[in-house]
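Q: After the structure tokens below, expect a handful of questions from me.
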Amino acid sequence: MTTDQEIVDSRVVLRLVSGALAAGGATALGWRAYQFVASTADLSWLEMLTSLGAIYGIYLLGYFALKGKLPFEHIPSGNV
């Protein structure tokens with residue numbers, strides 16, 4: 001009796017997890033926006049500021065899930 005083990009590419013799994021987190025964050029932010037528009041919840045300035053951070057996080061996770069890399073430019077060492 002033999003056991004076949006398959007190795008999972010961690011980059012693929014990481015991209016899938018990033019996509020799931022971005023989708024969950026977008027859903028949560030969309031639900032909060034819907035509650036605000038429907039006037040069932042109040043929106044404070046602190047919540048608006050934290051929402052900006054959440055939107056940026058969703059952008060980074062979604063970009064990584066789609067492209068496989070982060071959207072930062074590489075600056076070669078030696079160039080200051």
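The values are calculated or read from the model by the stated rules, or taken from the named source; none is laboratory data. Since this is a predicted model, take the numbers as computed values, not measurements. With ideal geometry, Cβ positions are generated from the backbone for all residues, glycine too; neighbour counts draw on all protein chains shown. Side chains are part of the model used for accessible areas, which takes the heavy atoms of the whole protein and leaves out ligands, DNA and RNA. Shrake-Rupley method; radii C 1.70, N 1.55, O 1.52, S 1.80 Å.
Q: Using only helices, what value at 222 nm comes out for the chain when you add -39,500 (n - 2.57) per DSSP H run of length 4 or more and divide by the total residues, to the nearest 500 deg cm²/dmol? Working shown, then result.
A: Values: 2 runs with 51 residues, N = 80.
After summing the helix terms and dividing by residue count, I get -22500 deg cm²/dmol.
Q: Would you please classify the overall shape of the chain from the alpha carbon gyration tensor, given that a ≥ b ≥ c denote the square roots of the eigenvalues, rounded means a/c under 1.5, and beyond that prolate means a/b larger than b/c while oblate covers the rest? Don't skip to the answer; put the middle values down first.
A: Working: a/c = 4.38, a/b = 1.45, b/c = 3.01.
The shape class here is oblate.
Q: Please calculate how many Å² of accessible area the chain carries per residue, with a 1.4 Å probe and no DNA, RNA or ligand atoms counted.
A: Numbers: 7020 Å² over 80 residues.
Dividing the accessible area of the chain by its residue count gives 88 Å².
Q: Using a 1.4 Å probe over the heavy atoms of the protein chains, calculate the carbon and sulfur portion of the accessible area of the chain as a whole percent. Walk me through the numbers on the way to the answer.
A: Working: 4610 of 7020 Å².
The nonpolar share, carbon plus sulfur, comes to 66 percent.
Q: Here's another thing I want to ask about it. Mind giving me the FRET efficiency for S44 and A20? R0 is 22 Å, r the Cβ-Cβ distance, nearest 0.05 is fine. It would help to have the intermediate numbers written out before the result.
A: On the way: r = 29 Å, r/R0 = 1.30.
According to the calculation, E is roughly 0.15.
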